[in-house]
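See structure below.
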Amino acid sequence: MSTTNSLTVEELGSAAQRDRRKRILDATIALATQGGFDAVQMRAVAEQADVALGTLYRYFPSKIHLLVSALGREFERAETTLRDKPIPGDTASDRVIYVLRKTTRGLQGDPHLTEALTRAFMFADASVQSEIHTVGMLLTRMLTRAMHPEQEHTEVTEDDVAIARVIGDVWLSALVGWVTGRTSATETAAHMEKAVHLLLRD
């Protein structure tokens, strides 16, 4: 097992290990919500999660691994919520914009957490490739489902995946602009929606 990747839920054999991972991510999100990126320190996370510091490093090799994994869990929750009911909208653009708005509003409602998660994504290097991939796959899945809700149990096309990835990249870029104070929440939304309409053209 690689020591440079976070341990995934699938790699954790026991319920106790999965519970420990959940406590660690809960503590990470709680600290980030209170004070943003700088508030997430490995020792503070270990103390709040009630795990040894060495154990924390076995589960997550760095603060960036921790925060990107926490972003992945937030996306998992968003995906579960969206999966439970039809996505409103007459066109693919309408539905994709709905998903992005809902996810963005959830993040912008918690600015410290969003700042921490977005900065972690910005600072991530090749060692966090697996966690970044997980986040990207979750976002792509949410967007392709919004584009083609009738294809729930069929394969999406390569073009659909490519479009979803570009939309995801634009969305992250817009979030970075908001987090760094270069754009307002309104400008962030307008930037995203323009990109969706240009890419989907429906």
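The values are calculated or read from the model by the stated rules, or taken from the named source; none is laboratory data. These numbers were taken from a predicted model, which means no experiment stands behind them. Ideal geometry is used to build each Cβ from the backbone, glycine not excepted, and the neighbour counts take in all protein chains shown. Heavy atoms of the whole protein, side chains included, go into the accessibility calculation; ligands, DNA and RNA do not. Shrake-Rupley method; radii C 1.70, N 1.55, O 1.52, S 1.80 Å.
Residues in the range 148-191 that are of a type in the set (Gly, Ala, Ser) and over 19 Å from the mean Cα position of the chain (by Cα): how many? Break it down into steps so the answer makes sense when it comes.
Here is the first cut: in the range 148-191, the residues of a type in the set (Gly, Ala, Ser) are 162, 164, 168, 173-174, 177, 181, 184-185, 189-190.
With the extra rule that they be over 19 Å from the mean Cα position of the chain (by Cα), the set shrinks to 181, 184, 190.
Going through the range 148-191 one residue at a time, the tally reaches 3.
Within the range 130-144, being open to solvent by 40 Å² or more (accessible area, probe 1.4 Å) and free of Cβ contacts under 8 Å to residues at least 24 places away in the same chain holds for 133, 137.
Just give me the residues in the range 67-96 being within 28 Å of residue 128 (Cα to Cα) and among the aliphatic types (A, V, I, L, M), in sequence order.
Taking the range 67-96 and keeping what is within 28 Å of residue 128 (Cα to Cα), we get 67-83, 96.
Listed by number, the residues that qualify are 67, 68, 70, 71, 78, 82, 96.
No other residue among 78, 120, 116, 70 is in contact with a Lys or Arg (Cβ under 9 Å, 6 or more places away or on another chain), farther than 20 Å from residue 156 by Cβ and either open to solvent by 30 Å² or more (accessible area, probe 1.4 Å) or assigned to a helix (DSSP H, G or I) (or both) apart from 120.
Checked against the criterion of being in a helix (DSSP H, G or I) and open to solvent by less than 70 Å² (accessible area, probe 1.4 Å), the candidates 156, 176 yield just one match: 176.
Of the residues making up the range 183-198, those that are surrounded by 17 or more Cβ atoms within 10 Å (Cβ to Cβ) and aliphatic (A, V, I, L, M) number 4. For residue 16, the stated conditions do not hold, so it cannot be described as assigned to a helix (DSSP H, G or I), within 26 Å of residue 179 (Cβ to Cβ) and either of a type in the set (Ser, Thr, Tyr) or out of contact with any Gly (no Cβ under 7 Å at 6 or more places or on another chain) (or both).
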